[in-house]
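Trainee: Below is one structure. I have some questions about it.
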Amino acid sequence: MNLTAKRFFLVIVGLCFVAGMSASAALTAEAATDTAKSGLFVDPAWLKANLSKVVIVDARPEKAFLGGHIPNAVSAPWQTFANMQGKPGDPGWGVLLPKDQLAAKIGALGIDGRTPVVVYAEPPGWGEDGRFAWMVRMAGIPDVKILDGGYAAWKKAGGDTRTDKPPASNHNFAISSLEGGLTATTGWIQAHMALMMRMAGFAKARNYDASFYEWAGMKQLPLE
């Protein structure tokens, strides 16, 4: 689901909330959320069965990657793909690199735009895996999934781990244009803050776990 569709979903749920969401409407919204989540996440069992068919990306800091990672994973901290000049809060800090630079760095991970990509991090982090998935979708790669539960879930499921740093197969990947519909500006967030807070309240009422907030692109806020 791209951000445009996600925004539409958030608006529909928010309007239902404002109008007084009925039980059937709540169940419909929950089903829609579960469907969207199933299209974005894979579990450790699925990854074990498809390990040789995907590009595996570790979005954690490189120190964590070197301490242990999923076999054949490539290290890709988010800072690699962002403008890090200046300091947080400065204009342009943390935004994606220009598309040609970004394409070269994505291709250097062994991503060719055709092979499915699975990314993982270490919950309850701040969403490095989600940022990477957003980035490659911005770059025109729709087949990217997030490992539900991240590295901890992989180890808990008995998955093999490595401490080496395997060389990536460099691909000549190109980006024709970045998908602008997947970006929310500060102005858009400010204009929709009330709706996002209502969505946070709705998710809390439905007892959704942290993965829902990651999917919705929100922080889990204390609402008491």
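We did not get these values from a lab; they are worked out from the coordinates using the rules stated. Please read these numbers as outputs of a predicted model, since none were measured by experiment. Glycine gets a Cβ as well: all are built from the backbone with ideal geometry, and neighbour counts include every protein chain shown.
Trainee: Given R₀ = 22 Å, FRET efficiency for Thr161-Lys105 by Cβ-Cβ distance, to 0.05?
Mentor: It comes out at approximately 0.30.
Trainee: Quick one: pull the percentage of alpha-carbon pairs in the range 114-154 with a separation above 11 Å. Mind dumping the intermediate values first?
Mentor: Numbers: 485 of 820 pairs.
In whole percent, the long-distance tail amounts to 59.
Trainee: For the range 33-184, what is the Kirkwood hydrodynamic radius in Å, using each pair of distinct C-alpha atoms?
Mentor: About 15.8 Å for the range 33-184.
Trainee: On to the next question. Given 0.36 nm per residue, what is the gain on full extension from Thr185 to Leu97 after removing their alpha carbon distance, in nm?
Mentor: Taking Thr185 through Leu97 to full extension adds about 30.1 nm, to one decimal.
Trainee: On a C-alpha basis, how far is the centre of the range 139-188 from the centre of the range 42-104 in Å? Whole number, if you could?
Mentor: Here the two parts' Cα centres lie 6 Å apart.
Trainee: Once you have the alpha carbon radius of gyration of the range 73-148, what is it after dividing by 2.2 N^0.38 Å, with N set to its residue count?
Mentor: 1.10
Trainee: To the nearest 20 debye, what is the magnitude of the charge dipole of the range 34-87 about its Cα centre, counting +1 on the Cβ of each Lys and Arg and -1 on the Cβ of each Asp and Glu?
Mentor: Values: 6 positive and 4 negative charges, 20 e Å.
Computed charge dipole of the range 34-87: roughly 100 debye.
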